[in-house]
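S.K.: I am attaching a structure below and will ask some questions about it afterwards.
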Amino acid sequence: MKVLVINCGSSSLKYQLIDSETEQVLAKGLCERIGIDGRLTHTPAGKTKLVFNDPLPTHVDAVSSVLAKLTDPECGVIASLSEIGAVGHRIVHGGEKFAHSALLTDEAIAEVEKCSELAPLHNPANLIGIRACQKLMPGVPMVGVFDTAFHQTMPKKAFLYSIPYRYYEEYGIRRYGFHGTSHSYVSKRAAEILGKKPEELKTIVCHLGNGASLCAVEYGKSVDTSMGFTPLEGITMGTRSGGLDPAIVEFIAGKENKTAAEVLKILNKESGVQGISGVSSDFRDLEAAAKEGNDRAQTALDVFCYRVAKFIGYYTAAMNGVDVIVFTAGIGENDGIVRANVLSYLGFLGVTLDAEANKFRGEEKIISTPDSKVTCMVVPTNEELAIARETVEIVTGK
Ligand code: ADP
């Protein structure tokens, strides 16, 4: 089956058309500046990237342009839209309602709408993408794959905040976690590479991208993760602060005459390694600056790696042990310096790094020595493939 995977944001839409039998990407692309002036990049498999300046006044226009490119005689990869068997939509928040991916019936869509309160920047955009696809591809089954779903197995002791219980009951304030599709895919793939079943392993996945989170996966199930009610909690990120004393919000607001919302924007967009270094949120820039003697860039890197290591410590305690530590996403897959720095804290667990193996970038690789007590590895994430697989599973019931 050919599955169109859609990740729709407020002014952008990413897509991949995947053949689920061969698991090959047939074409992929990105619509940007939707509602502004529009820009579409489309890459058919094995060919160079094409750039189109289609005006994209609405998301329906964006989906319409994508479908036109996919079926275009020159740059297309399918003869007609009837070849698309299903559409898989990435949805950020499924609340407590969605512990698994779901067929997007009218009832399911109404439930996704109810979750918008929990993800006001993301779910409404995801819904716009779903509706645009429904309009242009009536009758094609649509599946929602949720960033939060994998973490619904977290026990109460891991997901509850220590605040009055009625806030959980009345407003759903609890830890939900994100990046679930990636944590699930990467933990399963790591087990597969090691010739084990996920049910046999205690795994810690470090999804280190611009947004970053760790997940404790005990015998195949998420038992804790570092992001919380929103993606702001947890480790230091590119521009997000990660966890901090909530009293700081009011303190900054008072000092700088700002509202809580303005301070939260700073914690989301101007903090993290960007905020500490004043250089960049990109680890390539930070490492270059640190090499040239920029102390704050080095400090930002140190804070980041220390936090990641600390969370590995938490999750080792949560699972009473760890068999596998996996690195993934932009930094986790590419940055051997960060991986080595993080693992340097873990000698007490019997972790020994294979420095030669750690030099590789962006490929599946075991980076610990054969006698290391914990297997450390890199597994590139592939959220689109995971969404396509889930979509086929839901649509075919297999
Ligand atoms: P997101 O999906 O959250 O936007 P990604 O997983 O694509 O993020 O990761 C992007 C980040 O990965 C960049 O900001 C950069 O810090 C880091 N990155 C990408 N390539 C490299 C590299 N070769 N070396 C070090 N860091 C890298």
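S.K.: Can you list residues from other chains, or at least 5 along the same chain, whose modelled amide H is less than 5 Å from the amide H of LEU26?
M.R.: LEU17, ILE18, ASP19
S.K.: Give me the angle, in degrees from 0 to 90, between the Cα long axis of helix 247-256 and the longest principal axis of the Cα atoms of the chain, rounded to the nearest 10.
M.R.: 80
S.K.: Tell me, what HN-Hα J-couplings in whole Hz come from the Karplus equation 6.51 cos²θ - 1.76 cosθ + 1.60 at θ = phi - 60° for each residue of the stretch 17-33, using x for Gly and Pro?
M.R.: Each residue of the stretch 17-33 in turn: 9, 10, 7, 6, 6, 8, 6, 8, 7, 7, 6, 8, x, 8, 9, 10, 6 Hz.
S.K.: Just check the stretch 106-154 against the gyration tensor rule for me: Cα atoms, a ≥ b ≥ c as the square roots of the eigenvalues, rounded for a/c under 1.5, and otherwise prolate or oblate depending on whether a/b exceeds b/c.
M.R.: Since a/c reaches 1.5 and a/b is larger than b/c, the shape of the stretch 106-154 is classed as prolate.
S.K.: A further question on this structure: Using modelled backbone amide H atoms (1.01 Å from N, in-plane), which distant-in-sequence or interchain residues come within less than 5 Å of SER226's amide H?
M.R.: LEU214
S.K.: So what's the net charge close to LEU160: Lys and Arg +1, Asp and Glu -1, counting the other residues with Cβ under 10 Å from its Cβ?
M.R.: +4
S.K.: Sticking with this one: Just need the relative contact order of the stretch 51-113 here, percent rounded to a whole number, with Cα pairs under 8 Å and 6+ apart.
M.R.: Reported as a whole number, the value is 15 percent.
S.K.: Still on this structure: Got the relative contact order for the chain handy, in percent, Cα pairs under 8 Å and 6 or more residues apart?
M.R.: 14 percent.
S.K.: Could you run the Karplus curve 6.51 cos²θ - 1.76 cosθ + 1.60 with θ = phi - 60° over the stretch 279-287 and give me ³J(HN,Hα) per residue in whole Hz, x for Gly and Pro?
M.R.: My calculation for the stretch 279-287 gives 9, 5, 9, 8, 5, 5, 5, 4, 5 Hz in order.
S.K.: Hey, another quick one. Please return the longest stretch of the chain lacking exposed loop sites, where GluC sites (Glu not before Pro) count only if DSSP places them in a loop and at most 16 other Cβ atoms lie within 10 Å.
M.R.: Longest gap between qualifying sites, sites excluded: 97-269.
S.K.: Given a 1.4 Å probe, how much area per residue of the chain is accessible, in Å²?
M.R.: 47
S.K.: Still on this structure: Calculate one ³J(HN,Hα) per residue across the stretch 99-110 by plugging θ = phi - 60° into the Karplus curve 6.51 cos²θ - 1.76 cosθ + 1.60, and present them in order as whole Hz with x for glycine and proline.
M.R.: Values, residue by residue: 9, 9, 5, 8, 5, 8, 6, 4, 5, 5, 5, 4 Hz.
S.K.: Let me ask another. Would you mind checking the tilt of helix 123-136 against the longest principal axis of the Cα atoms of the chain, expressed as 0 to 90 degrees and rounded to 10?
M.R.: Once rounded, one gets 20 degrees.
S.K.: Where both residues lie in the chain, what percent of DSSP beta bridges are antiparallel, nearest 5?
M.R.: Of the beta bridges lying entirely in the chain, close to 65 percent run antiparallel.
S.K.: Measure off, as a whole percent, the carbon and sulfur share of the 1.4 Å-probe accessible area of the chain, all protein chains present.
M.R.: Of all accessible area on the chain, carbon and sulfur atoms account for 52 percent.
S.K.: Restricting to the stretch 3-150, compute how many DSSP beta bridges are antiparallel as a %, nearest 5.
M.R.: The answer is about 75 percent antiparallel.
S.K.: Show which lysines lie in cross-link reach of LYS291 when reach means a straight Cα distance below 19 angstrom and same-chain residues fewer than eight apart are skipped.
M.R.: In chain and number order, the partners are LYS359.
S.K.: Follow-up question, since we're still on this one. Let me know the shape class of the stretch 1-112, please: from the alpha-carbon gyration tensor, a ≥ b ≥ c as square roots of the eigenvalues, rounded when a/c is under 1.5, otherwise prolate if a/b is greater than b/c, or oblate.
M.R.: Judged from the Cα gyration tensor, the stretch 1-112 comes out oblate (a/c at least 1.5, b/c at or above a/b).
S.K.: Scan around GLY35 for amide H atoms under 5 Å from its own, H built in the peptide plane at 1.01 Å from N, and keep only partners 5 or more places away or cross-chain.
M.R.: Amide H neighbours of GLY35: LEU56, THR58.
S.K.: Determine the sum of side-chain charges near HIS93: Lys and Arg each +1, Asp and Glu each -1, restricted to other residues whose C-beta is under 15 angstrom from that of HIS93.
M.R.: In short, -1.
S.K.: While we're here: If one takes the longest principal axis of the Cα atoms in the chain, at what angle in degrees, from 0 to 90 and to the nearest 10, does the Cα axis of helix 180-193 lie?
M.R.: 70
S.K.: List the relative contact order of the stretch 1-160 as a percent without decimals, with contacts defined as Cα pairs under 8 Å and 6+ residues apart.
M.R.: Relative contact order of the stretch 1-160: 23 percent.
S.K.: Which links in LYS310/LYS365; LYS221/LYS373; LYS14/LYS69; LYS2/LYS398; LYS156/LYS221; LYS196/LYS365 stretch past 19 Å when you go from one Cα to the other?
M.R.: Cα-Cα > 19 Å for LYS310/LYS365; LYS221/LYS373; rest within.
S.K.: Please say if the chain is rounded, prolate or oblate, where rounded means a/c under 1.5 for a ≥ b ≥ c the square roots of the C-alpha gyration tensor eigenvalues, and otherwise the choice is prolate for a/b larger than b/c and oblate otherwise?
M.R.: Rounded, since a/c falls under 1.5.
S.K.: With n ≥ 4 as the cut-off for DSSP H runs, can you work out [θ] at 222 nm for the chain, using -39500 (n - 2.57) per run divided by the number of residues, rounded to the nearest 500?
M.R.: Value at 222 nm, helices only: -11000 deg cm²/dmol.
The values are calculated or read from the model by the stated rules, or taken from the named source; none is laboratory data. Just so you know, these numbers come straight off a predicted model, no measurement behind them. When we count neighbours, we look across all protein chains shown, and the Cβ atoms used for this are built from the backbone with ideal geometry, even at glycine. For the accessible areas, the whole protein counts, side chains as well, though only heavy atoms, and no ligand, DNA or RNA atoms are used. Shrake-Rupley method; radii C 1.70, N 1.55, O 1.52, S 1.80 Å.
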